[in-house]
Amino acid sequence: MAIAEPPIRVEDAPQNAVRAEDVQLDITFEQLKKLVSPRALTGETMLLNMGPQHPSTHGVLRLLLELDGETIVSCIPDIGYLHTGIEKTAEGKTYLKVIPLTDRTDYLAPMSNNLAFCGAVEKLVGIDVPIRAQYLRVILMELTRMNSHLVWLGTHALDIGAMSVFLYCMREREMILDIYEAVSGARMMSSYIRPGGLWRDVPAHFPQLVQRVLDVFPKRLLEYEKLLKENPLWKERTVGIGKISAQDAIAWGMTGPCLRGSGVNYDVRKAQPYSSYDHFEFSVPLGSNGDVYDRYKCRMEEFNQSLKIIKQAMDRLPPGPVMTDDRKVAPPPKHEIAYSMESLIHHFKLWTEGFKAPEGEVYFAVESGKGEYGVLLSGDGSPKPRRVHFRAPSFHNLQPLGEISKGALLADIVAIIGSIDIVLGDVDR
């Protein structure tokens, strides 16, 4: 017979326990009222909930809109509906086991997320990555950027009423997902990049798959541009809408095409080159007006620059290993396990216990399709990180939404959200 445990009394609780009556909200109702105009309190303007379940918010994003007719008086983003606690979860896992979690923050950029975390681990531990693995990482990073931009373009155009572009983008995206599947076995959650290199070398038909992308995409990009670039309806919905100045974009912490659309020349691949990006020639497209149309033009030109980088990397792809020979972090070759007891034991301990990282704190960033994706990693000498923080571009790019949508029409908010290209898993983490 089970014996019920006595209930815990309040006076028995640890001294450092947090009690419900001790918790105080930082924001009062009076402060919340100041987020809208006094006219909203008298009913002169209308408060409207948009989301959290709405197709044009691109996820579980809730916006509280104050409207004067169809004009937006204020816009208050309400986030947190997709919060998963991924940073806290990472603290309880070994470094290798954190990698699958990173796939799921921005599900359109799993390879970028993998590289940011693995780059931070390599920086903390002091691991050198073979040059072939670095070039392959660059190729996969640019394919991932194109994958992210294809979903952005398709859904952005769909929001504004261009159905065909969405179907074309999903068609082209299949070619990139086929490459994902060929190298990692998974079409989305790849976990392909590992500390010290890659999970395994690319398959023999990898060059043919990449060449297909290089051959097909230039023509398809021209088709997209023909449909949208000078389309009067497209320009009517995007030119002069959602403008943000270069100074404001910097102040809000925006990065990626959202920042470059305002004319700020900042790209992590140029500012802090990683994974041999300094071996390749490419340009950083910039806008001048900081509106929805300029952000569109920046991303479209980034397609061409990605193709240029991929071609250079494929032409110069060197032979050699794709994983470091440092056995502290790399598993032994599979054939060794068949005859070496030491290798078998090392393989078992690496996957069950992980490897230890020294005490210290590092920050490593990559230029993902949405902007600067950074990882702040703190080690304590154990196989598990003491602290992990993801600097997610979607979170920062969403911040000025309230400011840049003031004075716009209700229909414009859909175009503005599409232009900042957010993924809520990246915002909430």
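The values are calculated or read from the model by the stated rules, or taken from the named source; none is laboratory data. Everything quoted here is computed from the prediction, not taken from an experiment. Neighbour counts are summed over all protein chains in view; Cβ atoms, including those assigned to glycine, are modelled from backbone coordinates with ideal geometry. Surface accessibility is based on the protein's heavy atoms, side chains included, excluding ligands, DNA and RNA. Shrake-Rupley method; radii C 1.70, N 1.55, O 1.52, S 1.80 Å.
Assorted remarks:
- Solvent-free Debye scattering, log10 I(q)/I(0), computed from the Cα coordinates of the stretch 93-204 at q = 0.17, 0.19 Å⁻¹: -0.80, -0.94
- Estimated at 0.36 nm per residue, the fully extended path between residue 348 and residue 361 surpasses their Cα-Cα distance by 1.9 nm.
- Gyration tensor verdict on the stretch 192-269 (Cα atoms; rounded if a/c is under 1.5, prolate if a/b is larger than b/c, oblate otherwise): oblate
- Kyte-Doolittle at least -0.5, axis length at least 15 Å by Cα - qualifying DSSP helices, the chain: 110-125, 131-160, 163-184, 206-228, 341-353
- When the stretch 277-318 is reduced to its Cα atoms, the Kirkwood hydrodynamic radius in Å: 11.4 Å
- GNM result for the chain, Cα springs below 10 Å: residue of 58, 335, 83 fluctuating most strongly: 335
- Fraction of accessible area attributable to carbon and sulfur, the stretch 210-287 (%, probe 1.4 Å): 52 percent
- Lysines whose Cα lies under 26 Å from that of residue 356, excluding same-chain neighbours fewer than 8 positions away: 88, 93, 97, 123, 328, 334, 384
- Kirkwood analysis of the Cα pair distances in the chain returns a hydrodynamic radius of 23.6 Å.
- For the stretch 177-228, the convex hull spanned by the alpha carbon atoms encloses 104 Å³ per residue.
- Fully extended contour minus Cα-Cα distance, from residue 328 to residue 227, at 0.36 nm per residue: 31.0 nm
- Here the peptides 104-112, 364-372 are ranked by packing, the mean other Cβ count within 10 Å, and the order with the highest first is 364-372, 104-112.
- Nearest-0.05 FRET efficiency for residue 88 and residue 187, computed from C-beta distance (R0 30 Å): 0.60
- Computed label-point distance, nm, for sites residue 380 and residue 32 using a 7 Å Cα→Cβ extension: 3.6 nm
- Mean ellipticity per residue at 222 nm, deg cm²/dmol - from DSSP H runs of n ≥ 4 across the chain, formula -39500 (n - 2.57): -14000 deg cm²/dmol
- Within the stretch 180-243, GluC sites (Glu not before Pro) in DSSP loop having at most 15 other beta-carbon neighbours inside 10 Å: 230
- Annotation for the stretch 278-314 versus the stretch 100-170: alpha-carbon center distance of 15 Å.
- Cα-only Debye scattering, the stretch 212-351: base-10 log of I(q)/I(0) at q = 0.10 Å⁻¹: -0.57
- Overall Cα dimensions of the stretch 341-429, principal axis frame, Å, largest first: 69, 25, 19
- Within the stretch 53-78, backbone nitrogen closer than 16 Å to the virtual label 7 Å beyond the Cα of residue 42 toward Cβ: 67-69
- log10 of Debye I(q)/I(0), alpha-carbon scatterers only, for the stretch 48-134 at 0.18 Å⁻¹: -0.87
- Highest-fluctuation residue, 130, 385, 332 considered, GNM on the chain with Cα pairs under 10 Å: 332
- Whole-number percent relative contact order across the chain, with pairs defined as alpha carbons under 8 Å at least 6 apart: 24 percent
- Among 147, 397, 49, the largest mean-square fluctuation in a Gaussian network model of the chain, built with springs joining Cα atoms closer than 10 Å, belongs to 49.
- With all protein chains modelled, accessible area of residue 322 [1.4 Å, Å²]: 20 Å²
- Hits among lysines - C-alpha to C-alpha of residue 226 under 27 Å, sequence gap 8 or more where chains match: 235, 243, 297, 308, 311, 370
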